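The structure appears right after this line, and notes come after that.
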Amino acid sequence: MQNAYVRCHEGAEDFQFSFQLRNELLGVDRQFNFSRQLSEKVGDFLSRISTNIERSVNKKKKKKVTGEEKKHEDPNKIEVTLLRGGELVPGDQLCKDIIFNSGLCLLVLGTEYSVILNAPWVTLITLPSSIMAGFPVYPLKLEVLFADKSDCTFCWYKNVGANTGKRLSANWVEVGSGFYYTPSTCDIGCHLKVVCAPQNGSVCGPSSEVISTNPVEAGPGACPFELRHAFTKERLSGKT
């Protein structure tokens, strides 16, 4: 069973809902994100999910129909249901009376999603625009919800293969782990990607990734402070 995620702060009037839908038959592979009011009825919320999926499917089809064909067109309705403890949740119930319950299950096109409340979540992650070999790189900005940054795990990758313009090859090779990564000369010309898995103790949330906007560049060589330190390789004696 996959996971769907609900995020709702204490005292808020709305909530966020996210899940990843993969359906080869319909050609859909994307994450759906919603921001809805807690006062909304469950039936209206599920109808919005269904409508958004239908829009995504229709964009993939890219079929042109004439007015007469469109008149007789009978599109398939995407059925979305919400279960609690195996029982169907009535559509006239309010979201605020449902989403905080445990044992919720979302059913979309035969795929079941276990609804997780306030799982660790990455809201923002960025990398520096300039990355040079020999100098450590780390997320320039990192913002998480319901998680401790010190518990998050990081995995670094570099893109290998020919790049055409702004298009990167699909080949990513793992090169390191941890908050920091120091590119080597072998990484020059490659883009970097970092994948952050948010955690809060033993609770894990969905991973989030970011790709550097520019490839790794060659470093400037020895820095002035390194040249100065070459004259003082050993600690001086006395109070100097």
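The values are calculated or read from the model by the stated rules, or taken from the named source; none is laboratory data. Small disclaimer: the values here were computed from a predicted structure and weren't measured. All Cβ positions, glycine included, derive from the backbone under ideal geometry; neighbour counts span all protein chains shown.
Name the residue, out of K71, K60, that is more than 18 Å from S114 (Cα to Cα), at pLDDT below 95, of a type in the set (D, E, K, R) and in contact with a Gly (Cβ under 6 Å, 6 or more places away or on another chain).
Values: K71 fails: in contact with a Gly (Cβ under 6 Å, 6 or more places away or on another chain).
One residue alone meets the criteria, K60.
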TODO: State which residue is modelled with the lowest pLDDT when the search covers only the stretch 1-56 and only residues that are assigned to a helix (DSSP H, G or I) and closer than 25 Å to E209 by Cβ.
DONE: S56
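Would you point out the residue of the stretch 74-85, among those that are outside any strand (DSSP E or B) and modelled with pLDDT of 90 or more, that is farthest from Q37 (Cα to Cα)? Steps first, answer last, please.
Taking the stretch 74-85 as the starting set, the residues that turn out to be outside any strand (DSSP E or B) are 74-79, 85.
Checking which are modelled with pLDDT of 90 or more leaves us with 79, 85.
Details: E79: 21, G85: 23 Å.
Only one residue fits best here, namely G85.
Here's the yes/no breakdown for (1) among the polar types (S, T, N, Q); (2) closer than 24 Å to Q199 by Cα; (3) within 20 Å of the chain's Cα centre (by Cα):
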site	(1), (2), (3)
L145	no, yes, yes
S150	yes, yes, yes
F154	no, yes, yes
L168	no, no, yes
S177	yes, yes, yes
Y180	no, yes, yes
C186	no, no, no
Task: Candidate set: the stretch 18-41, residues that are of a type in the set (A, V, I, L, M, F, W, C), closer than 25 Å to L145 by Cα and free of Cβ contacts under 8 Å to residues at least 60 places away in the same chain; chosen: the one surrounded by the fewest Cβ atoms within 10 Å (Cβ to Cβ) - done: F34
